[in-house]
Amino acid sequence: MKITAPRGTFDILPEDALRWHWLEATIRRIFGYYGYQEIRTPVFEHTELFQRGIGTATDIVEKEMYTFNDKGGRSLTLRPEGTAPVVRSYVEHKLYSRGGITKLFYMGPMFRQERPQAGRFRQFHQFGVELLGTESPLADAEVIPVAVELYKELGLTDLEVLLNSIGCPACREEYQKELFSRLSSLRELCVSCQQRLQKNPMRLLDCKNPRCRELTEDVPQVTDYLCPACSEHLEKTLSFLDRAGIGYRLEPRLVRGFDYYTRTVFEVINSGLGAQNAVCGGGRYDHLVEECGGPPMPGVGFASGMERLLLTLEQQGKFAGFSSAPQVVLVVLDEKLAADGFELATGFRREGITTESCLEVKSLKAQLRAADKLQAKFVVILGEDEWKDGQVSVRRMADGKQWRVDREEVSRFIKDLSGREP
Ligand SMILES: [Zn+2]
Ligand SMILES: [Zn+2]
């Protein structure tokens, strides 16, 4: 029986790898402008980290984690998200003791056992930033443009920032009580919402079920319950965004799925191709560091999935010109010249010319066809007659123009010609 990749996983084939390289390089460049430094954490962690960090009442922890016991009987989990591991590392290495504010970003595979569907995978990739060490609303206002400017740079259009404040534990408790008293008698809520009602009533606002949405339509908004400090924090965040000309829409139903969020939560939506897609989500988490065993240390950040981002960009035609075509394909017409061809190809590569050497001597026609398939810019032909005169033929594939060139001169000749359009 043929062995295939596990359900919900996929291979990144060479032509796709180019897109990933480009995306990763762009992320690193833009995050660098904002002063974020990369952190890399293991793909598995102690299960307890996610139970404490994400919260046991979330779908991720309840249903979606890849959890297993290692041979020592320890419960480990493949990371389902990036924030808790980054915070764990921040605490473990006391990065807060280096003074001031810590700005970190991460990028890599995450794992969730979800039902596979279009654009959703069990091994998927995320990147994100975490700004740790300040409660200032300036930090909330600062992480939002990191995301927005990155998406613009990538070429996404029709972006919108949705923003809300879900308050601190104190003001949220009041709100949760109010929601509970209004909704607990409703028997029509979906099964998930019945459960959410017991554990975290605010998450009912997140339900996609149309009937649940109807039933919760008239509930009060969380922003009406904010304590004075949370209220002021929200106002300041908004005023900073206004001042810098960063557009947003207040969305009172936005709550986000993780228990660790406090105050600001936000999403960036892309409505470029009709359907509205959240390309990133994030928010403030003022108690997560403590929850992970560190000192009281506030933080704010966002995470973004990479698969759907690449899919959207592909649909917008972003990758049309992406190619790994070689500059030169070497064509050897006689077995006796195989070693000479190999030497020549090695020389080209040392000169920084991307080259496919000739590994099998075939007819000129067959080799030219292969070079054409590879979309080579030039073909360098080693034929017996030219080689005796110390020369090779250089053929420009775009227009079929051909030159005889001294073999010592050929790499310089190709470099000169590469700079000019045919
Ligand atoms: Zn509050
Ligand atoms: Zn529901």
What is the dipole size for region 1-86, taken about its Cα centre, with +1 at each Lys and Arg Cβ and -1 at each Asp and Glu Cβ, in debye to the nearest 20?
160
Which of the lysines could a cross-linker bridge to residue 199, judged by Cα under 20 Å and excluding same-chain residues fewer than eight apart?
63, 177, 208
Quick P(r) readout (region 1-144; Cα-Cα; 10 Å bins; whole %) gives 10, 32, 36, 19, 3, 0
Rounded to whole Å, √(5λ) for the Cα gyration tensor eigenvalues of the chain, largest first, gives 55, 23, 21
Expressed as an acute angle from 0 to 90° and rounded to the nearest 10, what is the orientation of the C-alpha long axis of helix 364-373 relative to the principal long axis of the chain?
20
Going through 318/415; 94/236; 336/365 one by one, the pairs whose alpha carbons sit over 26 Å apart turn out to be 318/415; 94/236
Against the longest principal axis of the chain, how steep is helix 137-154, in degrees 0 to 90 to the nearest 10, with axes from Cα atoms?
30
Residues of type aspartates and glutamates that residue 373 reaches as a straight line, Cα spacing below 17 Å, ignoring anything fewer than 8 places off in the same chain
15, 356, 360, 399
Using alpha carbons only, how many degrees (0 to 90, rounded to 10) separate the axis of helix 169-183 from the longest principal axis of the chain?
80
At q = 0.16 Å⁻¹, work out log10 I(q)/I(0) for region 328-414 with the Debye formula, treating every Cα as an identical point scatterer and leaving solvent out; two decimals please.
-0.53
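None of the figures in this text is laboratory data; all of them are computed from the coordinates on show. For clarity, every value in this text was computed on a predicted model and none was experimentally measured. Methodologically, a virtual Cβ is constructed for each residue, glycine included, from the backbone with ideal geometry; neighbour enumeration extends over all protein chains shown.
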